[in-house]
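Coordinate-derived values only; no laboratory data. Small disclaimer: the values here were computed from a predicted structure and weren't measured. Cβ: placed from backbone, ideal geometry, glycine included. Neighbour counts: every protein chain shown.
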């Protein structure tokens, strides 16, 4: 890892922790995203399973390795709230495959979006309990493969349909039941910027921070609420206090830019990357 | 108050605490909503300032009084986050007028939607501090007029544009700086159903609960995110645990149904009220 990292020490030192999450340049394949990172001097990449499957797992690993990039995270596992036994088993099996993929890709963590309420259910405490049980089942498997599970609290507007894990405190309450190297949390500015307890939460998280993701919160919330994630500077979030708080908590890892946004996806990916670098330097560092 | 309340003791005892928030039947004037409540055997009404202005303040008060209804709340004051001194003064003046109106209407509380970030601002701590200062300025004025300020935490998806007060705990942290009779909180299922600490929050709230509002959280979130409020049973919320928790916390007041929803507003208001009563009895009680 340190050897590969050193290949980029000659690059712009301000970009030393920057990672392009693949979703930000959604139309790029793994190969294209890897090339785009190299062109732009970005030393790390956050991968998604679907494009990795499209490119082939081993080939994706080789592309990243040969380019001298770090993988900052693999997105994503999770969706662990099914009450139906067969669905639950299928979800656990899929998460074990995701852990295997993260190990092959040398991703330090697998991001978990834990899932919402099962269709027709209103049993939120039940869904939350099933997530805890599933994490307990998956954590040793991940630990044996050197992959850390990264619990991602999602904005409460996604509680019903994406993730019943809604705050950093709640994610920490769960993560802290496991060894720190096995289960961490994701600090994603989009999801937690509004939380009045967020600074205490980041401080409490400390070494539990497995991933730090940045993007802005845009208004109005678009028809597809998933696409409210914006380029830094286009929305309402003040980023620097988050970066400083995460640093102060002891996190020295990559800073991933992950944007789901129809306008960003429609733009030229190289231009998106150039804008991302400017905004990162101006607003996050 | 107790005399008027007794006029309805002959009605359906299951509806003894039910209040129609005027927004639920948005196209009805104050007079029409009052008539609708009387026809349906609903003993209380939550009023909004705009239709009250349309009908006239004194006339609205008389309409409600003559019909033997209680006013459960007046919606709404707030929008107290402006940094500009002139805008801030205008907001405080408008809130004093709202308090006066609540007193005239014999509304026990004025609901405060505290406001989002001022245009172009990303200073969330600053906006929150200005809300606290404004509440401190308004609370004595309200207390002298027998009106309680009801701080409403709004769903975090409205943090940027409607209310920087995002959780019940945060609302209580502020409310508890004032005498319990001067400043309370609103428990609205739509805004807080996702919160993993909500049961502790309701228990902590106790006599601070100034208003209990129910409506469902519908998916998908519509293009106008304000209209995601749904008829009980149409969304993801389990209501009875909230009603029981609020009761256990010592709240014995009205239960307001407040729905912002394009389909509900397009339907015949009398049918909406009939559905509301059925769902209230089946799902809330």
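Between copies, residue A:177 shows label-point distances of 3.7 nm, shortest first, with the point placed 7 angstrom from Cα along Cα to C-beta. Cβ crowding within 10 Å, taken as a proxy for footprinting-reagent exposure, orders A:53, A:191 from fewest neighbours to most as A:53, A:191.
Evaluate E = 1/(1 + (r/R0)^6) for residue B:84 and residue A:226, where r is the Cβ-Cβ distance and R0 equals 22 Å; express this FRET efficiency to the nearest 0.05. Efficiency at R0 = 22 Å is approximately 0.05. Give the residues of the stretch A:26-49 whose amide nitrogen is closer than 13 Å to a point set 7 Å from the Cα of residue A:285 in the direction of its Cβ. Only A:41-43 pass the distance filter. What translational diffusion coefficient, in µm²/s and rounded to a whole number, does the Stokes-Einstein relation yield for the stretch A:91-187 at 4 °C and a viscosity of 1.567 mPa s, taking the hydrodynamic radius as the Kirkwood radius over Cα pairs? In µm²/s, the coefficient rounds to 97. Between the helical axis of B:124-144 and the longest alpha-carbon principal axis of chain B there is an angle of about 60 degrees. Angle of helix A:269-279 to the longest C-alpha principal axis of chain A, folded into 0 to 90 degrees and rounded to 10: 90°. Per-residue mean of foreign Cβ neighbours for B:193-201 is 5 (Cβ atoms of other chains, 10 Å radius). If you average the C-alpha positions of the stretch B:206-285 and of the stretch B:153-192 separately, how far apart do those two centres end up, in angstrom? Computed from Cα coordinates, the inter-centre distance equals 17 Å. Structural descriptor for chain A: relative contact order 18 percent, calculated from alpha carbon pairs under 8 angstrom and at least 6 residues apart. With no solvent and one point per C-alpha, what does the Debye sum give as log10 I(q)/I(0) for chain A at q = 0.09, 0.15 Å⁻¹? Debye intensities relative to I(0), on a log10 scale: -0.38, -1.16. Once you have all Cα-Cα distances for the protein assembly as shown, histogram them in 10 Å bins from zero and send the whole-percent values. P(r) over the protein assembly as shown, rounded to whole percents: 3, 17, 26, 23, 15, 10, 4, 1, 0. Over the stretch B:129-285, the alpha carbon radius of gyration divided by the compact-protein estimate 2.2 N^0.38 Å works out to 1.06. If R0 equals 51 Å, the separation of the Cβ atoms of residue B:240 and residue B:144 corresponds to a calculated FRET efficiency of about 0.85. In nanometres and ascending order, the distances from the residue B:204 label point to those of the other copies are 1.1 (point 7 Å from Cα along Cα→Cβ). With contributions of -39500 (n - 2.57) from each DSSP H run of at least four residues, the per-residue ellipticity at 222 nm computed over chain B stands at -12000 deg cm²/dmol. Among B:74-85, A:215-226, sorting by the average number of other beta carbon atoms lying within 10 angstrom of each residue, highest first, gives B:74-85, A:215-226.
Note on residue B:200 and residue B:248: the model spin-label points, each 7 Å out from Cα along the C-beta direction, lie 1.5 nm apart. Label-to-label distances for residue B:68 across copies, nearest first, come out at 8.6 nm, using points 7 Å from Cα in the beta-carbon direction.
Computed across the stretch B:20-148, the Kirkwood hydrodynamic radius from all distinct Cα-Cα pairs reaches 15.4 Å.
Would you mind checking the tilt of helix B:85-104 against the longest principal axis of the Cα atoms of chain B, expressed as 0 to 90 degrees and rounded to 10? Its long axis makes an angle of about 30 degrees.
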